[in-house]
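Enquirer: For reference, the structure I am asking about is given below.
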Amino acid sequence: MESSASNQRMQELAATASVTAPDLGVDPTECVAPGPSDPCTIVILGATGDLTARKLIPALFHLYLNNGLPQAFQIVGCARTRMDDDEFRNKMKTALIDAAILDQDQWPAFSAALHYRPIDYEDLSSYSNLAETLKNLDISHNTPGNRIFYIALPPVLYKTVAQMIGRAGLSAEMTNGNGWSRIVVEKPFGINLDTAMDLDRSLHEHFSEHQIFRIDHYLAKETVQNVLMFRFANSLFEPIWNRRYVDQVSIMATETLGVEHRAGYYERSGVLRDMFQNHMMQLLALIAMEPPARFEADLVRDEKSKVFGALRPFPIADLQNYLVLGQYGAGVIDNQPAPAYREEPGVDPKSLTPTFAMMKVFLDNWRWQGVPFYMTSGKRVARKLTEITIRFKTVPHSLFRHILGQTIVANRLIIGIYPDEKITLTFQTKNPGARVCLRTVTMDFNYQQNYTGPVLDAYEKVLIDCMLGDQMLFWRQDAVERSWSFLTPILDRCEDCDDRTDLLEFYRAGSTGPAAISRLVSNTESA
């Protein structure tokens, strides 16, 4: 009887443990946007380009399907190509077909909001004509002067276009709350500290800081946003989120693709400018920042900026122990031959541009003193993977040493961003049986688990925030400058010296990267 009752109790406990989270009665579609945004006109400069076709128009159409756009909105495409509204609509319809999200029933109403105006990016009269067009659209479509200017153009045109928008009077805002104007700038924000500051001065000639949205789509990924929720909405982890319990942190963003059609850009940037100055630094800030007093844009960005200010100056004289640079050679990806970087179209056959980097950095503050942060990003490696791994310290004393005769594996917390959006916690348990044997087990949480509502991609989220005027997920200039201040000396050392070949190691496409990465990880420092 006792055994039967015990078994029944165990079954009850198991059943209780398997119950999913309670239904709180929240309609998933209500989470698409935090509230209705003002009627507005979205002006896309560079509307015939790849970014518009692959990302912006599909994102806007998906928001439209999920009630994420305001009731009154217009989308005005601008580029040098001569075409009329109907030609532009057909081009965007093709883009939606390619993205496999075209809804034939909803397309007519959405397409009616699409307009096109040819523009010469360096001709002020083109912008004056655009201003007149926007004024007429405001009257006919009830969008009272609220405008977003999305610069989907090469960085070389950022300053020119921003200046022309301002000189045409399109940056001016009304004082009664209606008629706001915002400008969206894609990364990169300059190529070093000096150029970043120059771009900022140019933008601020006509736009105030609250009007400038420096986009980093990595920050809008659901899993990335959830880092803050995970840390600060749970009392379980934040008390051990520091140097006393964390041994090291790894931030990784690798991909199987090569340079593809971006050789012209990539030859000038390399992996440090392309990934580290923006994406990797933002992931570092989310993991390392202090809790803000309130979940508000400027308070959150204050704490991020402090992280960049706490970065220990990089030891330029001792790069071998802190930095690994690599460039991919020929190899095999997904059972297909992959050319070397130097064999890619548009790449200098003697190029010394790095396509892989691993960097060990330290934060000189109370929370993280002495904890190494490893940031890794590279092209043409074995897996496309973006994840953050927190490795906790090993147990200080092993009472099982006389039984196991080995070091107990440290606990790990893995925040997966791609391909799996999930959180995994590893810990030690005993294997069944009379003998004491430890095994590592995991607890997994998938972000899509028990969720049936619409899933927004990164560009959809940032477009919503632009319309709402919420700068939480966008760079602020002080953080841009602190990030560049840290990286510029490294870039100068790696690019302006005759011995660059000593810093660059070649790795086979489809491998895990340069062999030197194992040396960097094994070379621990008592900091």
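Where a number appears in this text, it was derived from the coordinates with a stated rule and is not lab data. A quick note: this is a predicted structure, and the numbers were derived from the prediction, not measured. In this analysis, Cβ positions are derived from the backbone assuming ideal geometry, glycine residues included, and neighbour counts consider all displayed protein chains.
Enquirer: For ASN67 and THR94, what is the calculated FRET efficiency with R₀ set at 35 Å and r taken between the beta-carbons, to the nearest 0.05?
Expert: With R0 = 35 Å, the Cβ-Cβ based efficiency is 0.90.
Enquirer: Also: Tell me which chymotrypsin sites (Phe, Trp or Tyr not before Pro) from segment 426-481 have a DSSP coil assignment and no more than 13 other beta carbons within 10 Å of their own. Present the calculation step by step, with values, prior to reporting the outcome.
Expert: Values: sites: PHE427, PHE445, TYR447, TYR451, TYR459, PHE474, TRP475; in loops: TYR447, TYR451.
When the chymotrypsin sites (Phe, Trp or Tyr not before Pro) of segment 426-481 are filtered for loop state and at most 13 Cβ neighbours within 10 Å, TYR451 remain.
Enquirer: Taking 7 Å along the Cα-to-C-beta vector as the label spot, tell me the ASP318-ALA293 distance in nanometres, rounded to one decimal.
Expert: It works out to 3.9 nm between the two label points.
Enquirer: Dividing the alpha-carbon radius of gyration of segment 297-450 by 2.2 N^0.38 Å (N being the number of residues), what value is obtained? Please list the in-between numbers first.
Expert: Values: Rg = 21.1 Å, N = 154, 2.2 N^0.38 = 14.9 Å.
Computed over Cα atoms of segment 297-450, the ratio equals 1.41.
Enquirer: Rounded to the nearest 5, what % of DSSP beta bridges with both residues in the chain are antiparallel? Let's see the in-between values first.
Expert: Numbers: 44 of 81 bridges.
In the chain, DSSP labels about 55 percent of beta bridges as antiparallel.
Enquirer: Could you work out the local net charge near ASN411, counting Lys and Arg as +1, Asp and Glu as -1, over the other residues with Cβ closer than 10 Å to its Cβ? Please report the intermediate quantities before stating the final value.
Expert: On the way: positive: ARG391, LYS393, ARG412; negative: ASP247.
Summing Lys and Arg as +1 and Asp and Glu as -1 gives +2.
Enquirer: Give the residues of segment 437-459 whose amide nitrogen is closer than 18 Å to a point set 7 Å from the Cα of GLN428 in the direction of its Cβ.
Expert: 437-443
Enquirer: Order these by the 10 Å Cβ neighbour count, fewest first: LYS350, LYS384. Let's see the in-between values first.
Expert: Details: LYS350 6, LYS384 12.
In order of increasing Cβ crowding within 10 Å: LYS350, LYS384.
Enquirer: Compute the semi-axes of the equivalent ellipsoid of the chain, taking the square root of 5 times each eigenvalue of the Cα gyration tensor, and list them largest first in whole Å. It would help to have the intermediate numbers written out before the result.
Expert: Values: eigenvalues 367, 196, 101 Å².
Output for the chain: semi-axes of 43, 31, 22 Å.
Enquirer: For THR81 and ARG167, FRET efficiency with R0 = 22 Å and r from the beta-carbon atoms, rounded to 0.05?
Expert: Details: r = 23 Å, r/R0 = 1.05.
My answer for the efficiency is 0.45.
Enquirer: Could I ask something else about it? Run down the lysines and flag those whose C-alpha is under 22 Å from the C-alpha of LYS379, throwing out any fewer than 8 positions away in its chain.
Expert: LYS55, LYS187, LYS221, LYS350, LYS360
Enquirer: Treating only the Cβ of Lys, Arg, Asp and Glu as charged (+1, +1, -1, -1), what charge dipole size does the chain show about its Cα centre? Round to the nearest 20 debye. Spell out each step's value before the answer.
Expert: Working: 52 positive and 63 negative charges, 355 e Å.
Dipole of the chain, to the nearest 20 debye: 1700 debye.
Enquirer: Test of understanding: ordering ARG380, ARG439 by Cβ neighbours within 10 Å, fewest first, what list do you get? Please list the in-between numbers first.
Expert: Values: ARG380 30, ARG439 10.
Ordered from fewest to most neighbouring Cβ atoms within 10 Å, ARG380, ARG439 come out as ARG439, ARG380.
Enquirer: Moving on to the next point. What distance in nm separates the simple spin-label points at TYR245 and GLU122, each placed 7 Å from Cα in the Cβ direction?
Expert: 5.8
Enquirer: Nearest 500 deg cm²/dmol is fine: what mean residue ellipticity at 222 nm does the chain get from its DSSP H runs of n ≥ 4 alone, each adding -39,500 (n - 2.57), divided by its residue count? Working shown, then result.
Expert: Values: 16 runs with 172 residues, N = 527.
Helices in the chain give a 222 nm mean residue ellipticity of -10000 deg cm²/dmol.
Enquirer: Give, as a single signed number, the net charge of other residues whose beta carbon lies under 12 Å from the beta carbon of LEU283, with Lys and Arg counted +1 and Asp and Glu -1. Walk me through the numbers on the way to the answer.
Expert: Details: positive: LYS221, LYS304; negative: ASP216, GLU387.
Neighbour charge sum, excluding LEU283 itself: 0.
Enquirer: Related question: Using 7 Å Cα-to-Cβ label points, what is the ARG262/ALA233 separation (nm, one decimal)?
Expert: 3.1
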